[in-house]
Structures are given as C-alpha cells and as structure tokens.
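First up is the structure itself, then whatever we jot down about it.
The values are calculated or read from the model by the stated rules, or taken from the named source; none is laboratory data. Keep in mind the model is a prediction, meaning the values are calculated, not measured. Here the Cβ is made from the backbone with ideal geometry for all residues, glycine too, and neighbour counts use every protein chain on show. With ligands, DNA and RNA removed, areas are computed over all heavy atoms of the protein, side chains included. Shrake-Rupley method; radii C 1.70, N 1.55, O 1.52, S 1.80 Å.
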Amino acid sequence: FMRGNLALEMNQWQTACTEYQMALTLCEALGDGSRSSSKNDDNSATTDGVVDVQQLELFDFFTTRVKNVIAPLLKYCHYELQEKGLSPTEKISFLQSSSSISDHASDPLLAKLHSLKNETLQNEVTTGSSMSQIMFRENVIQVETRELRMAFLKIQDLKSDWEGEEEEKENDDGGGGGDDDDDAKTNSKSDAKFMELLSGYDDAISLTNQELKQLATLKSGPAVNAKKFQLINLMGYSKYQKLKLVMGRNEQLTNSIIQRSSEEGGMTLKHLEEVTHLYDALLQDARAIASLPGGGSPDDFDGDSSSSSPVEDEFYLEANANVLRLRSLRCYYLARMHASPLVHKYSEAVALLDQAESLANEALDEIGACDQMENGDALLENLEKVASEMRGEKCRVLALSYLSKSSSSSSGKCLLQRLHDINMPSSPTSVSHVPPKLEPMACKPSFFDVALNYVSEYPVDELDRAMEEYNGAETAASSGILGWFRRG
C-alpha cells in the first residue's frame, strides 16, 4: 500500500495500480481468513466470546480498508491510465494481469478487457494484417470475408488464453502442496476456456457452411470452383483443428489413467473399461480427420467435393497411420478386458491380441514412413513399448487358457509353487501370488532379542491372576479321595 502511495505521488500510474491491486487482494484474503477462523474455532464457541469479537473487528477493519481507501485509489489510477492513452496491447496485458489478481464475476476490469479485445480484433480485421491466409494440406488458402477473418482472430485469442490456463495449471501441479479448492478452481477455468475455444471453431465452421450454401445455387465455373475450393479447405482446416484439440485432451486423459493405475498397483477392470472407452472416442475422431475435405490443387477441383475420392497426400497418410495406431491400442486394452479375472474369456483375448499385434506392426511401418508427422518419434516409441507388452500379455493369456482347459487337480497353489507337480489345478490360477502369501518360518534367537526391544511391558498383574487360577484348579482336582493317585 505504501509503495502504491509513493508511485501515486510520482505519477507512475501503472506501478500504483499494480501495488494497490496487490494490497486490495491481501486485505480481502486477511478479511476472509479472520471470518473463517472465527467460524471454525471450537474454543471461541465455548469461551466468553472475546476471540470472536476480535476476529469480527479484524474482518470489519480489512473490509472497510478495501472499500473506503484502496478501491477509490485504484479506480483513480485506472482513470489516469485511460486518460494517458496506452496502446491496445499494453491495455490488454495490464487488464489481464489485474483481472487475474481480482477474479470476481462483477469486476469492471473484465468488461473493459473484453471491450478492448473486441476493439483490437476489429482493427486487425480492418487492416488485414493478421489471419488473412492459412496453410492447410500444402495449400495456401486466402481468408477473404470479414466475418471469417474475425472468427479466426477470435479463435487465436481464445487459444492463447486456454494455453495460458493450461500452463498455470501445470505450474500448480508441479509445485505440489496446493489446496484442493484452488486446484478445482483452476481446472474449472481451464475447462471453461477449452469449451469457449471449441465454440469458436464451431462458429467458423457455421460461417463457412453458410457461404458454401450460397455458392451451391451458382453454376460451375473457374471463379466459382476456386471459391468453393477455398471454402472447403477452410472448413477442413477448422474441423481438423477442433478434432486435434479434442483428441489431444482425450489422449492426455488416457495417459493419466494408465499412469495412475500403474502407481496404484495395476489396472483393474474399471480402469480398462475407461481406457477402452476413451480409445473408442479417439478412433472415431481419427477416422473423421481421415475423411476431412480439402487437399489437392484448385485446377483438379471439379466443384463437387462429395463425389470426389480423397486426395492421398501427406496429411491423408498421416491420418490413416494414426487410425491404425489407435485401432491397435483399442484392441490391446479390449483384449486385457476379456482376459481379466472377472471375465476370463481367454480365446477371445488371444484373437484380439493377435489382431492388436498385427495392427501395431502395420502402424509402426506407416508412422515410420511419414517423415513430417507431428510427434512421430514419440508415437513410435510409445507404440513399440506397447507392442512389447502385447507379446508378454499374449504369453500370459495363452498359459491361463491352457490351465483353464486342461486342469484336473483342486490345488490352490500358484504356478511357481507347482513347477514339479503333474496334476493341474481345476480352476485358472495366477502365475504367482501378488502380494505373496504369509508362510511360517523358523526364527533365530537373535530375532527374539531384537523383538524384545519393541515389545511393551508385560501385564504382570494379569499373569499373576492367571497363574493363581491355574494353581487353584490343580489344587481342587488333587484334593479328592483319589487325589493321592493323581500325584506324581
């Protein structure tokens, strides 16, 4: 607060805004902390109420300080900044930093930020300096209409906001020790930005469809065909970028499930079902990418994209290679579902593993042939790792299938404990017990010496009482007529 006062006296408005905003945030946090501590303190509820009064006084002090002192000074500095005349980029960056510190739904800075963004987008559309052309499937496509250029500029802005939220979430996860409420708030903000980005792509697709419908009634010709080719490639570009975002998010979720299950001790049937369901969605999106319109050259375009065969360019080959990869992974986890102990359909699991291994080998060849594929090396490395797991899983499933068909013994031992047995168990058993079963073993005297250091004191009174009862029972038994014969 004092640094803000110093900057205010020196007419350094931006520095004053930053310092006042930080002071406002700290006072609000202190006020909320004092109010929550007064509610959650059990001792204050049982005493004479002195602690409650102190907490309420602190809450009133910080709240009054925010409303009557810091907030008016902050508004004055904002007014001076607006009168000074910053550039649109400087205004947006400053308002973004301010609104990220005070994240309220009724924050007037957020409304000012949205209006500045719209004004900047309108200026960029008018000048035509940005997003006037795009690159898709080795073709440079011109964005001629104002509405489409505005839509693509909005998408670019939304994508930068979403990437900023993702980077902030990764930094919070990497730091560790964060609050659960803060993590949930960060995740909800990232999800909201992601949905806004998808809506931006939907708007661009809708605008392209409207322009294509207007051209559908016109007769074919060089100019009309060129315009249709341009719009079809713009639609393919928008759909590709949207599907690419969704697939990246789903694949990230799939990897997190696999990693979390491996840390917890192995994938259960529920984990396998979740991963298989996600690979179903990924495979559907990958096939949609392979069938996207666009590509080729404007000279070969006849004006009708529905009747023409797909263009086998680099984009098409990469999409088909990705389809093969996802089909292989889906078959692999589907086979693991069939081979799980609750399902134990081993013949179906073996057939699925054969298909998964065949698809994996084909996908490795196709991805290796695509030199310019995005993240091709990482995909190859991951698929080779899964292919080696497929071979091991196939051997395990074959062993379980053989045990389930040719079993005649009722032994419950695992396979490692029955290496020299002739009879097989009547039900499929695992290769080894995980975790290993407890077995009795002889202990050396030194073990009891070490264990004595961790044993608490003996209950002497209870032991004496038990010995007295035992001795009393022996005395009563030997005091009868035939007690003399029982002695010795």
Contacts under 6 angstrom Cβ, first residue in segment 135-164 being in a helix (DSSP H, G or I) and of a type outside the set (Gly, Ala, Ser), partner open to solvent by 30 Å² or more (accessible area, probe 1.4 Å) and at pLDDT 85 or above, 6 or more apart: Glu147/Leu207; Leu148/Leu207; Leu158/Glu196; Asp161/Lys193; Trp162/Lys193
One residue from Lys270, Lys227 being without any contact (Cβ under 8 Å) to a residue 24 or more places away in the chain and farther than 30 Å from Glu389 by Cα: Lys227
Any hit, segment 228-245, residues being surrounded by fewer than 16 Cβ atoms within 10 Å (Cβ to Cβ) and under 22 Å from Val275 (Cβ atoms): yes
Residue pairs meeting the criteria (Cβ under 6 Å; at least 6 apart or on separate chains; first in contact (Cβ under 8 Å) with a residue 60 or more places away in the chain, in segment 198-223; second open to solvent by less than 50 Å² (accessible area, probe 1.4 Å) and assigned to a helix (DSSP H, G or I)): Leu207/Leu148; Leu207/Ala151; Thr208/Leu231; Thr208/Leu234; Thr208/Met235; Glu211/Leu231
Enumerated helices (runs of 4 or more DSSP H) restricted to segment 387-488, each holding at least 1 residues that are open to solvent by 90 Å² or more (accessible area, probe 1.4 Å) and modelled with pLDDT of 80 or more: 445-452, 460-477
Any hit, segment 1-12, residues being at pLDDT below 75, open to solvent by 40 Å² or more (accessible area, probe 1.4 Å) and either part of a helix (DSSP H, G or I) or among the charged types (D, E, K, R) (or both): no
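Let me confirm something: among Gly164, Gly248, Gly177, which residue is at positive phi and either surrounded by fewer than 16 Cβ atoms within 10 Å (Cβ to Cβ) or at pLDDT below 85 (or both)?
Numbers: Gly164 fails: at positive phi; Gly248 fails: at positive phi.
Going through Gly164, Gly248, Gly177 in turn, the sole match is Gly177.
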Residues (open to solvent by 70 Å² or more (accessible area, probe 1.4 Å), in a helix (DSSP H, G or I) and of a type outside the set (S, T, N, Q)) located in segment 251-277: Leu253, Arg260, Glu263, Lys270, Glu273, His277
Counted residues, segment 309-335 - those being in a helix (DSSP H, G or I) and open to solvent by 30 Å² or more (accessible area, probe 1.4 Å): 9
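I'm trying to understand the selection: among the residues of segment 212-225, which are open to solvent by 50 Å² or more (accessible area, probe 1.4 Å) and either closer than 17 Å to Ser291 by Cβ or assigned to a helix (DSSP H, G or I) (or both)? Full working, then the answer.
Keep residues of segment 212-225 that are open to solvent by 50 Å² or more (accessible area, probe 1.4 Å), which gives 213-214, 216-220, 222-223.
Those that are open to solvent by 50 Å² or more (accessible area, probe 1.4 Å) and either closer than 17 Å to Ser291 by Cβ or assigned to a helix (DSSP H, G or I) (or both): Lys213, Gln214, Ala216, Pro222, Ala223.
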Within segment 336-358, tally of residues that are free of Cβ contacts under 8 Å to residues at least 40 places away in the same chain and open to solvent by less than 10 Å² (accessible area, probe 1.4 Å): 1
Qualifying residue in segment 278-285 (condition: open to solvent by 30 Å² or more (accessible area, probe 1.4 Å), under 15 Å from Ser340 (Cβ atoms), free of Cβ contacts under 8 Å to residues at least 12 places away in the same chain and in a helix (DSSP H, G or I)): no
